[in-house]
Ligand code: SAM
């Protein structure tokens, strides 16, 4: 059926019109397949009530799919030429949706506030080289989001959703778990992109959760205190937690005592601990003023 979504011919024609030379450093691979766009949009479960943050709208493939739901989209794009073209592309293909699009020209990592009302959803085909930091940053600055879907490199998708005990469980998995329940919901082949990337892609769906269900008797560890423990716990994967945290605590016996006070085995390794465990350790450190 004829829709406003982009196809290979329209992607090529817009790219030609603006003289675009896609760069690898900015992860510029553009989706030219309406089915892939529809799939991402339906996995995201967004509706006209949502205000969606999209990072890296590029030529607008996903942006148009999101606007089709009736939602409002705030699109953050680092590339000025792409950002400037986006409102025209939307106006030409879905004129009725043009007033529901806001474009912010910026590096997503530098954005600290989103214009207008609080975003309720995060949907993006992320620039692959900065996918994890950009994702975590957006989750941090959008406290009201409830649902999200991101497309990332396949291996990164697996790492983001990995559970404790898995070989690929690590800092990205633990930090994402602080914000969200994350599930891998699909794969996307290189052929739906122009230019064709040399990696497969994966889709991750996220459902927000309030910071982990930890025992809340003491003062709360802040997000940055928890992430400091996460970074230390995984800095040397083979170390027991008491050695990994020795630097923060002023020695491994002090670390041992604090970890034990948190109800965690100080000889455990970071890879065995879920975000609730790591947060409890951070809580014990915070209570001790460490
Ligand atoms: N969403 C489009 C699509 O699905 O066809 C394009 C996705 S492409 C993988 C990534 C996009 O992110 C590019 O448009 C690129 O210019 C943009 N980008 C790269 N780094 C960025 C950053 N730090 N902040 C915001 N946008 C960025």
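Bear in mind that the values in this text are calculations on the coordinates, not laboratory data. Please read these numbers as outputs of a predicted model, since none were measured by experiment. No Cβ is skipped: glycine too gets one built from the backbone with ideal geometry, and neighbour counts run over all protein chains shown.
Need one word for segment 238-290: rounded, prolate or oblate. Basis is the Cα gyration tensor (sqrt eigenvalues a ≥ b ≥ c); a/c below 1.5 gives rounded, then a/b vs b/c decides. Can you show the working numbers first?
Working: a/c = 1.74, a/b = 1.11, b/c = 1.57.
Oblate.
With the cut-off at 1.5 for a/c, could you classify segment 1-147 from its C-alpha gyration tensor as rounded, prolate or oblate?
Working: a/c = 1.56, a/b = 1.17, b/c = 1.33.
It is oblate, given that a/c is not under 1.5 and a/b is not larger than b/c.
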Exposure proxy order (Cβ contacts within 10 Å, fewest to most) of 94, 151, 206: 94, 206, 151
Mean separation of Cα contacts under 8 Å (6+ apart) over length of segment 143-290, as relative contact order %: 25
C-alpha long axis of helix 223-235 to longest principal axis of the chain, angle in °: 80
Calculated [θ] (222 nm, deg cm²/dmol) that DSSP helices of n ≥ 4 give over the chain, each run adding -39,500 (n - 2.57): -11500 deg cm²/dmol
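Listed highest first by mean packing, meaning other Cβ atoms within 10 Å per residue, what order do 273-280, 232-239 come in? Display every interim value, and only then the final one.
Details: 273-280: 23.0, 232-239: 17.0.
Going from most to least packed, we get 273-280, 232-239.
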Share antiparallel - DSSP beta bridges, the chain, percent rounded to 5: 50
Net lengthening on full extension, residue 49/residue 272 (0.36 nm per residue, minus Cα-Cα): 76.3 nm
Gain on full stretching of the segment that runs from residue 288 to residue 12 - 0.36 nm per residue minus C-alpha separation: 93.4 nm
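Under the definition of Cα pairs under 8 Å and six or more residues apart, what whole-number percent is the relative contact order of segment 68-125?
On the way: 47 pairs, mean separation 24.4, N = 58.
So the answer I get is 42 percent.
Rounded, prolate or oblate: pick one for segment 40-111, where a ≥ b ≥ c are the square roots of the eigenvalues of its C-alpha gyration tensor, a/c under 1.5 means rounded, and failing that, prolate if a/b is larger than b/c, else oblate. Intermediate results must be reported in sequence, preceding the final value.
Values: a/c = 1.89, a/b = 1.26, b/c = 1.50.
Judged from the Cα gyration tensor, segment 40-111 comes out oblate (a/c at least 1.5, b/c at or above a/b).
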Length-normalised contact order for the chain - Cα pairs under 8 Å, 6+ apart - percent: 15
